[in-house]
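For reference, the structure discussed in these notes is given below.
The values are calculated or read from the model by the stated rules, or taken from the named source; none is laboratory data. Not measured: the values here are computed from a predicted model. When we count neighbours, we look across all protein chains shown, and the Cβ atoms used for this are built from the backbone with ideal geometry, even at glycine. To get the accessible areas, we keep the full protein, side chains included, count just its heavy atoms, and leave off ligands, DNA and RNA. Shrake-Rupley method; radii C 1.70, N 1.55, O 1.52, S 1.80 Å.
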Amino acid sequence: MTFPVIGVVGGGQLARMMAPPATALGFELRVLAEGEDVSAVAAVATAPVGDYKDLDTLLEFAKGVDVLTFDHEHVPTDHLHALLDAGVNVQPGPESLVNAQDKLVMRAAIDRLGLPNPEWAAVSTVEELVAFGDKIGWPVVLKTPRGGYDGKGVRIVDSPEDAADTASWFQAMSPLLAEAKVDFSRELSALVARTPSGEARAWPVVHTIQVDGVCDEVIAPAQNISVEVAAAAEDAALRIATELGVTGVMAAELFETPGVGAGFLINELAMRPHNTGHWTQDGSITSQFEQHLRAVLDLPLGATDALAPVAVMKNFLGGENQDLFAAFPVALAFEPAAKVHCYGKSVRPGRKIGHVNLLGTTASDVDSVRARATAVANTIRDGRVPSESSEENA
């Protein structure tokens, strides 16, 4: 009796959190790690260190795996095609993954599918950026098509005068993506999974709260969202996954625009487990990490029903406290129902190092659940119980 071997390119926290469901299902998980100290190394038995930008390293890592998948979207597209040519089972494949790797490709695909897209343009010079801003109105958002994440590679350009300061961006990469700055009420995320044979499932649409470009908190399901908008957002994500041939988990990050168009616009896509889906570890019948493994192996997908009327995920970033474990007794005693997930990373200010999940028994509990999850996260981050005033400002 043999069980499959899954290779994950990238050794971050997403790969780390694939390990428990892989173990539960009897799969062997291997990780191509960026270094000996990255997050996933402590969680898997086989974690060779190698450069994911080197094709020979990827080919060597792929030997003996039944499927190759990803912790991030940064593997060069040409390398993905070369892996396919060598007979490697790559999931998701390069034709779909490129829509998460390259925001210009993604914007064109969303237009082609007729789904809600902000106004956008590929711009190669400061003059083209100014022309775009003059056409649609200032301010505009300038993005690097490849390599940006967690707010990196994104700049708000307020005026033609401000645009002059972006010349270095065009020298580093061209063309860039220019977008209208969307007037939105909040950010949403529609998380789905799809198998190579075409089965697809969606989780409830969630409300995501970003701080300085980084996901800070997720409320599942999104509260006070119309049934029609939630259904349309879910359908849009499922359609993207189907039409683009996505396999595994995909997150469609959205801007909610009440009363305008479909009620939302598509912001970005991620074709892997995603920060906005961490709540599923403790709040859904099937977590996004188990679902991703099942999907890339073309196994039947698990149920995506929520386990409670409300779930909150609260990230915690590195702060002054270097000894996270020393804060555990107080944090865990404060809220016994909280589920803490630490990533095994060294602490640096602003670095994602863990998250807290907490469920509520009724939808009306959402404010209390948020406050309690935040208190646990902040206690671990700071090494002390936050004051009442700091909890309110968190």
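If we only count strands (runs of 3 or more DSSP E) wholly inside segment 138-243, which ones have 1 or more residues that are at pLDDT 95 or above and within 22 Å of Pro309 (Cβ to Cβ)? It comes to 186-194, 200-202, 206-211, 214-220. On the stretch given as segment 194-204, residues that are open to solvent by 10 Å² or more (accessible area, probe 1.4 Å) and either touching a strand residue (DSSP E or B) at 6+ places or on another chain (Cβ under 9 Å) or of a type in the set (Ser, Thr, Tyr) (or both) total 7. For segment 90-103, a tally of residues being part of a helix (DSSP H, G or I), in contact (Cβ under 8 Å) with a residue 40 or more places away in the chain and not polar (S, T, N, Q) returns 4. The one condition from (1) part of a loop (DSSP other than H, G, I, E, B); (2) buried (at least 20 other Cβ atoms within 10 Å of the Cβ); (3) of a type in the set (Val, Ile, Thr) that Thr69 does not meet is (1). Scanning segment 125-161 for residues that are open to solvent by less than 70 Å² (accessible area, probe 1.4 Å), more than 25 Å from the chain's Cα centre (by Cα) and free of Cβ contacts under 8 Å to residues at least 12 places away in the same chain yields a total of 1.
The C-beta contact set for segment 56-71 (first residue under 16 Å from Met18 (Cα atoms), second residue of a type in the set (D, E, K, R) and in a helix (DSSP H, G or I), distance under 8 angstrom, 6+ apart or interchain) is empty. Number of residues in segment 73-99 that are of a type outside the set (Val, Ile, Thr), modelled with pLDDT of 95 or more and under 20 Å from Ala251 (Cβ atoms): the value is 9.
Name the residues in segment 1-18 that are among the aliphatic types (A, V, I, L, M), within 19 Å of the chain's Cα centre (by Cα) and open to solvent by less than 10 Å² (accessible area, probe 1.4 Å), would you? Correct list: Val8, Val9, Ala15, Met18. Taking segment 20-63 as the range and being assigned to a loop (DSSP other than H, G, I, E, B), open to solvent by less than 40 Å² (accessible area, probe 1.4 Å) and within 22 Å of Val347 (Cβ to Cβ) as the test, the residues that pass are Gly35, Val38, Ala47.
When we screen Leu265, Leu269, Leu254 for residues that are over 15 Å from the mean Cα position of the chain (by Cα), of a type outside the set (Gly, Ala, Ser) and buried (at least 21 other Cβ atoms within 10 Å of the Cβ), the only hit is Leu265. Before we move on, is Thr23 at pLDDT below 95 and out of contact with any Lys or Arg (no Cβ under 8 Å at 6 or more places or on another chain)? For Thr23, the condition - at pLDDT below 95 and out of contact with any Lys or Arg (no Cβ under 8 Å at 6 or more places or on another chain) - is not met. Quick one: is Gly354 more than 20 Å from the chain's Cα centre (by Cα) and not aromatic (Phe, Trp, Tyr)? For Gly354, the condition - more than 20 Å from the chain's Cα centre (by Cα) and not aromatic (Phe, Trp, Tyr) - is not met. The C-beta contact set for segment 104-119 (first residue within 16 Å of Leu177 (Cβ to Cβ) and in contact (Cβ under 8 Å) with a residue 24 or more places away in the chain, second residue of a type in the set (Asp, Glu) and in a helix (DSSP H, G or I), distance under 6 angstrom, 6+ apart or interchain) comprises Asn117/Asp111. Being in a loop (DSSP other than H, G, I, E, B) and more than 30 Å from Glu119 (Cβ to Cβ) is a property that does not hold for Leu293.
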